[in-house]
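Read-outs: derived from the displayed coordinates by stated rules, not from any lab. Predicted model, so just to flag it, every value in this text is computed and none were measured. Quick reminder, even Gly has a Cβ in these numbers, built from the backbone with ideal geometry, and neighbours come from all protein chains shown.
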Amino acid sequence: MVANPIDMTVLEKDDIQGLLLRGHGQLSSASYLLYAFTNPAKARHFLQVLVPKVTTAAEKPEDTAIQIALTYDGMAYLNLPDPVMQSFCREFKEGMTAAHRQFILGDTGENAPKNWNWGEKSPHFMLMVFGKSPEALQLALAEVNALTSSHGITALHVLPTGMLHNRKEHFGFRDDISRPVIRELLKNPENAQEETFPAGEFIMGYKNLYEEYASCPTVPAAMDKKGDLPPHPDDSNLKDLGKNGTYLVFRQMEQKVHAFWQYMKAQSKDNQSAIALASKMVGRWPDGSPLTLCPARPTPSLSEANDFGFWQDDKAGLKCPIGSHIRRTNPRDHLVTETSQKDSTEMAAKHRMIRKGRPYGPPFVPDLNPEKMITRKEDNQERGLHFICMVTDIRRQFEFVQNNWVNFHKFGGLEHDADPIIGNHYHNESRKTDEFSLPQYPVRRKLDQLPNFTLIKGGAYFFFPGIKALQYMADHD
Amino acid sequence: MSTIHKGLTVTVTLDEEKISYVNGLLMEYRKDLKIYQEKFSTSLRGTFFLSWLTLPAQVYAEKEKLPARILLMSSYVGSQSSHLRELASFLGPQLKQVFGQSREYPEKELDESGLVDFLKAKSIPNTFYSGFKFISTEDVNREKSLKAEVWQYGQGLDGAGKRTSPREIKEKIETFVRNQPQLAWAAKKIPYGLSNKIQMLWPLALFGLIMLASLISLILCLFLDLLILKILAFIFPIFILVMGFLFLLLRLNENIPHSPSPELSDEKVREIVALETNPVINEMTVIAPLKKGWIRRIFLAITLKLVGLVAYFAYIPTVHTARWLQMDRGKRLVFIANFDNLSEAYAHDFVDSERRAMNMAVIFSHAFGFPATRWLIHKQYNHRSNYMKGVRAHQKVTQFWYAFQHELSVENLKRNRTFREGLNKKMNDAEIREWLLTL
Ligand code: HEM
C-alpha cells in the first residue's frame, strides 16, 4: 500500500518553538511578559541574543523554558521590508482591536478594548517564561530582565499565571481535556483511536485539511540575503517565513467566579441543581465527565473522556444543551444546520484550535469545590484565564468559532443565546444575547438576563515564529 | 394563488461615468431605510429582500468589455404582477431616478403602469432558492408570536409536566391556541399547501415523465412499429448524448491553464465587510465573468435550468434566499445570497465539506478566477484558497439592501413553521416529544 504523503511528513521539531507541540505542563510556574522595543537596531540585537535561548520542540525542558511571540506592530518596528509585512493575513495586520475585528469578536460594551488593561495599543512582543518552581521561574525572569533592560526594551505588563488544583479553571471545571491530535506526531496515525489533524492546521509550512499549504507570511527570495529561510512550497520566488511557526491568539479573560455561582444558585432549588445547571452551561461536569455520556451525574472514570459525539446520542441537546460551551466551541459531529453526520464532522473539523491557556489569580476556594464556592462571599480578587490558542488561520479557526459559534445568538437554531460561559451577554434594540436555553420535556427552560461571567481584559494577535524565521528577523538589515 | 418564493431580477446598462452618481443615490436610499424600515415593511408587503447595486464594467475572456449595469434583485412571495405593482407604487420615484440614468430608460415620463411594464421588460430569468419555502411575510411575524405565546403558556405546564403524557400536553396546547382569539388563524390548516408543491414540482415531474416515456418507448420500439414511439424514443438517448458530448468539450476546456483572480486589496475587503454589520441576516453579491470558451456559457445555462428543476429539494444551510443567473449573453454569472451572520463565516459553508465543494463547483467552476476542476466537480490544486479568493475578488458592494425582517434566522423561521404545522396534526408520543422541542 502506498503511504499517505501527509503521514510521512516529518515535523522539524528543532525549528518549532516548544510550546506549539508541548504544554510545558511539568513547568508549573509561568509568566507572560509584554514589551515594547525602543530602538530597531537594539531590538534586532536582542533577538540575536535571544534566539539560542528559545526552547524548541526538540527539547523536553525540565527546569525552565522561554518562548517568544511578536505582534504586527512589533515586526513593523523591526523594519521588516514592506512585502514581508504585507504577506501576513489581514486580521493579523489589523490586530485584535481594529473596529471590524471588535465587531467580529464581540468585543463591545463591557468587553470593548477601551476597558481593557492592555492591548488597546498593541505591545511589540511577548516573552513566555516557564519554570519548574516559583524559584526557577524567578531566576529565569531575572535573566530575561537583564537582557531586555540592556537592550532598552520597555516592560509594559507582567501577566503571572498559576496552575490550579486538578487542572481546573476558576469556575471549578476540569479544563484542557479535549485537544486536537496532530497526525504527524503519531507513530502509527492509521491506528489512531481519535480524529487526527494534519499539522498544517496548526503549524505553517505543512499541509492542512484542504490538502493545501496553510497561507503564511513570505519573504521575496532576493531579500533573504543570508539564506536563513526555507523555500516557499508553492512559489519559487518566495521564501517561507511562516514555516514551523503559527499565529498565537491571546485573550486575558477575567472570570467572575462569585457572580457565576450566585447566578446558578439563584436559578436552582439546591446546591446540587446549581452545579448541574453550571455543568449544562459547560457541557461537562466539574470533574470533566461529559454530559453526553453521563447526563444524570458525574462519573469520575469518564473525567478525561473525549471520544463522544452528539449526532447519535443527543441531537436535540437534552443531555448536553446545544448552546453549551463545549458544544459551541466544538460541535463535533452535529451541526444543526447540516443534514448529515459526515458533513457536520467535516465542517466542524475545519475550525479547531490548539489551546495553551493558563489560569491567573488566586482560586476562589483552594480546592475549587463548587459547593464551597456557592456559599463563599465575594473576595473582590481578580482571577481568570490567559486564553491562548494556536492556529494557522486566525479567521477560519479562532475568529470563526468566536464569532459564528460563541457569540452568534442564532447558533444552532437558538434565538437569543450567546455562549453562557464566555459569550458577551447583552440586550439592546438590535440584539438580545443573554438567554440560555435548556431543552427539556415538556417545554424548554430559558434562563434570562445572564450577566457576563467573563470579561476581556486584554489581548492581541501574535506571530509565533519558527527559529529560522526568528533568526531572519534578527539578521535582516 | 400560492406562497411560493420567487426572485425578480431587473437590469439595465449604465454609462460608466454615471456609476458614482447612481451609487450616491442608492446609498442615500440606504440611509432612508434606517429611518423608514417600518414604512418599507408595511408598504412592500410581499417583499422579503431587495438588493440594488451598480456593477462596474468587467472583462470577459481577456478582451471583451462587458458593460456597467444597474441591478435590482428582489425576493418576494405571491404573484409577479402584484410584486411589480408594489415596487412601482412604493418605490416609484426612486426607481425612476435610478433607472432614469440608463440609456435603456424611455425618454417619456412613465406613470405607475408604465413603470411596471418597464421593470417587466428589463427583467431576466434567474434560478432561485429559498430556505424557508412557503412562509409568507405575514406568517413570519404571526408564527413568531404564536410560538412565544405557547412557550409562555408552557411554563405553567412545567411543574406537573414531567408526569403528563405527550398526548395530554399537546391537547392542552391545542386547546390553549383555540381559545385565544388572536391565535384563531393558527388553528386552521396552512393555506396553499398542496398547490404550492404542485406548482413547484410540475416542471420536474414533466421532465421526468418525458424522460421516462422516452425510455419506455425505446423498449417498446423493439416490439411495436409506431411513429410516435420512434420520436419519443429519440429524446432520452439524444439528451444523454448531448450531455456526454458537452462534458467532453468541458473537459477539454478545463485543460486551459487556470488564471487565478487578482486578490482583492485589504481596503476593498474592508469596504465590503463594513456594510455587513446587521445582527442576523446579511447579503452577498458575487458577479464574475465566465471563463473563456462558449462551452462554459452553454454548460452553465443548462446547469442552472436543471438546478431550477430540483430547487424544491435543494438545501443550502443558513441561506434565506439565493439566486444564480447569467447576463450579457451568458458571459457573466451573478450570484446573490441573503444569509445568516457574516460572509466570512458563510463562505466557509461552501468548501468545508467535500460534498458541498462539489456542489458549488457545478456552478462556480465556470466563473473566472474560481478553482480549476476536472470533470466539473473534481478538485485540482489549492481548491479552497482559490475558491475563497474567487468569492472575495468578485464580491460587489451592494449599495442598497432591504430586508423585511432583521431578527429571525432561517432556522428560527423553519422551526416556527414546524411548530405551527404540528398543531392539530396527528402524532405519536415520540413525534410529539420531538415537536415540543421546536418550542
Ligand atoms: C475564561 C474563559 C474560558 C473558560 C472558563 C473555559 C472553560 C472550558 C472548559 C471547562 C472546557 C472543558 C474542558 C475541555 O474540553 O478541555 C472548555 C473547552 C473548550 N473551550 Fe473553553 N473556556 C474559556 C474560554 C474559551 C475561549 C475564548 C475559547 C475559544 C473561542 C474556548 C474554546 C474551547 C474549546 C475549543 C474547548 C474544547 C471543546 C471540545 O473539544 O469539546 N474556550 N473550556
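Figures for the structure shown
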{"item": "Reachable lysines from B:LYS18, criterion Cα separation under 27 angstrom, eight or more residues apart if same chain", "result": "B:LYS31, B:LYS34, B:LYS63, B:LYS65, B:LYS96, B:LYS108, B:LYS120, B:LYS122, B:LYS268, B:LYS331, B:LYS396"}
{"item": "Residue-count net charge about B:ARG355 - beta-carbon cut-off 13 Å; Lys, Arg +1, Asp, Glu -1", "result": "-3"}
{"item": "The range A:108-248 - Kirkwood radius from inverse mean 1/r over Cα pairs (Å)", "result": "19.6"}
{"item": "Of B:SER20, B:SER343, B:SER123, the one that fluctuates the most in a GNM where chain B has Cα springs shorter than 10 Å", "result": "B:SER20"}
{"item": "Translational D in µm²/s for the range A:195-282 (Stokes-Einstein at 4 °C, 1.567 mPa s, Kirkwood Rh from C-alpha pairs)", "result": "76"}
{"item": "Kyte-Doolittle mean at least 1.0 and Cα axial length at least 24 Å: DSSP H helices in chain B", "result": "B:193-220, B:227-253"}
{"item": "Contact order normalised by residue count of the range B:282-439, Cα under 8 Å, 6+ apart, percent", "result": "25"}
{"item": "Neighbourhood net charge (10 Å Cβ-Cβ; Lys/Arg +1, Asp/Glu -1) for B:GLY131", "result": "0"}
{"item": "Estimated [θ] at 222 nm from DSSP helical runs (n ≥ 4, -39500 (n - 2.57)) normalised by residues in chain A, nearest 500", "result": "-6000 deg cm²/dmol"}
{"item": "Degrees separating the helix A:134-150 axis from the principal Cα axis of chain A, which is the longest one", "result": "40"}
{"item": "Quarter of Cα convex hull surface for the range A:291-427, i.e. mean projection, nm²", "result": "10.2"}
{"item": "The protein assembly as shown - charge dipole about Cα centre, Lys and Arg +1 at Cβ, Asp and Glu -1, debye rounded to 20", "result": "1920"}
{"item": "Cα gyration tensor shape for the range A:245-365, rounded if a/c is under 1.5, else prolate or oblate", "result": "oblate"}
{"item": "Enclosed volume per residue, in Å³, of the convex hull spanned by Cα atoms of the range B:318-368", "result": "85"}
{"item": "Nearby lysines by direct alpha-carbon distance to A:LYS226 (threshold 30 angstrom, same-chain neighbours under 8 apart not counted)", "result": "A:LYS13, A:LYS42, A:LYS53, A:LYS60, A:LYS93, A:LYS207, A:LYS239, A:LYS243, A:LYS468"}
{"item": "Rg/Rg_ref, the range A:151-194, where Rg_ref = 2.2 N^0.38 Å and atoms are Cα", "result": "1.98"}
{"item": "Which of B:LYS39, B:LYS122 has the fewest Cβ neighbours within 10 Å, and the rest in rising order", "result": "B:LYS39, B:LYS122"}
{"item": "Estimated Rh, the range B:199-247: Kirkwood, alpha-carbon pairs, angstrom", "result": "11.5"}
{"item": "³J(HN,Hα), Karplus 6.51/-1.76/1.60, whole Hz, each residue of the range A:111-128, x for Gly, Pro", "result": "8, 5, x, 5, 9, 7, 7, 7, x, 4, 9, 5, x, 8, 7, 10, 9, 10"}
{"item": "Rg(Cα)/(2.2 N^0.38 Å) for the range B:137-188, N = residue count", "result": "1.20"}
{"item": "P(r) weight above 23 Å for the range A:1-140, C-alpha pairs, percent", "result": "52"}
{"item": "Rg and Dmax of the range B:115-169, Cα atoms only, in Å", "result": "21.5, 64"}
{"item": "Likely footprinting exposure, A:TYR213, B:TYR21, A:TYR461, fewest C-beta neighbours within 10 Å first", "result": "B:TYR21, A:TYR213, A:TYR461"}
{"item": "At 1.002 mPa s and 20 °C, Stokes diffusion of the range B:283-364 via Kirkwood alpha-carbon radius, µm² per second", "result": "159"}
{"item": "Rotationally averaged projected area of the range A:115-189 (alpha carbon convex hull; nm²)", "result": "8.9"}
{"item": "Shape parameters for the protein assembly as shown, alpha-carbon atoms, Rg then Dmax in Å", "result": "29.9, 101"}
{"item": "Cα gyration tensor, the range B:221-293 - rounded (a/c under 1.5), prolate or oblate", "result": "oblate"}
{"item": "Rg/Rh for the range B:71-226, where both radii come from Cα atoms and Rh is the Kirkwood radius", "result": "1.19"}
{"item": "Fluctuation leader among B:GLY131, B:GLY244, B:GLY46 - chain B, Gaussian network, Cα springs under 10 angstrom", "result": "B:GLY244"}
{"item": "Rg to Rh quotient for the range B:1-82, alpha carbon positions, Kirkwood Rh", "result": "1.07"}
{"item": "The range A:161-312: equivalent-ellipsoid semi-axes (sqrt of 5 x gyration tensor eigenvalues, Cα, Å)", "result": "43, 20, 12"}
{"item": "For the range A:263-326, convex hull of alpha carbons as volume per residue, Å³", "result": "81"}
{"item": "Relative contact order of chain B, defined on C-alpha pairs under 8 angstrom at six or more residues apart (%)", "result": "23"}
{"item": "Ordering of A:41-49, A:214-222 by packing [mean C-beta count within 10 Å, highest first]", "result": "A:214-222, A:41-49"}
{"item": "Inter-probe distance in nm under a simple model that places probes 7 Å from Cα toward Cβ, at A:ALA222 and B:MET358", "result": "4.7"}
{"item": "Degrees, to the nearest 10: A:271-282 long Cα axis against longest axis of chain A", "result": "40"}
{"item": "Residues B:HIS320, B:HIS378 arranged by fewest to most Cβ contacts within 10 Å", "result": "B:HIS378, B:HIS320"}
{"item": "Calculated over the range A:327-377: convex hull of Cα atoms, volume per residue (Å³)", "result": "136"}
{"item": "Cα convex hull of the range B:181-265, projected area averaged across orientations, nm²", "result": "13.9"}
{"item": "Assigned charges on the beta-carbon of Lys, Arg, Asp, Glu; the range B:49-183 dipole about Cα centre (debye)", "result": "460"}
{"item": "Interatomic Cα distance distribution for the range A:175-219, bins of 5 angstrom, percent", "result": "5, 22, 24, 22, 15, 8, 3, 1"}
{"item": "Per-q log10 I(q)/I(0), chain B, q = 0.08 Å⁻¹ (Debye; single scatterer per alpha-carbon; no solvent)", "result": "-0.55"}
{"item": "Along principal axes, Cα extents of the range A:163-239, largest first, whole Å", "result": "53, 32, 20"}
{"item": "Rg and Dmax of the range A:37-94, Cα atoms only, in Å", "result": "14.0, 40"}
{"item": "Rh by Kirkwood over Cα pairs, then Stokes-Einstein D for chain A at 1.567 mPa s and 4 °C, µm²/s", "result": "56"}
{"item": "Rg over Rh, two decimals, the range A:363-435 (C-alpha only, Kirkwood Rh)", "result": "1.09"}
{"item": "Amide H contacts under 5 Å for A:THR299, placed H, 5+ residues apart", "result": "A:SER289"}
{"item": "Relative contact order of the range A:131-222, pairs being alpha-carbon contacts under 8 Å that are 6 or more residues apart, as %", "result": "11"}
{"item": "Under the Debye formula (equal points on every Cα, no solvent term), log10 I(q)/I(0) of the range B:363-439 at q = 0.17, 0.25 Å⁻¹", "result": "-0.76, -1.11"}
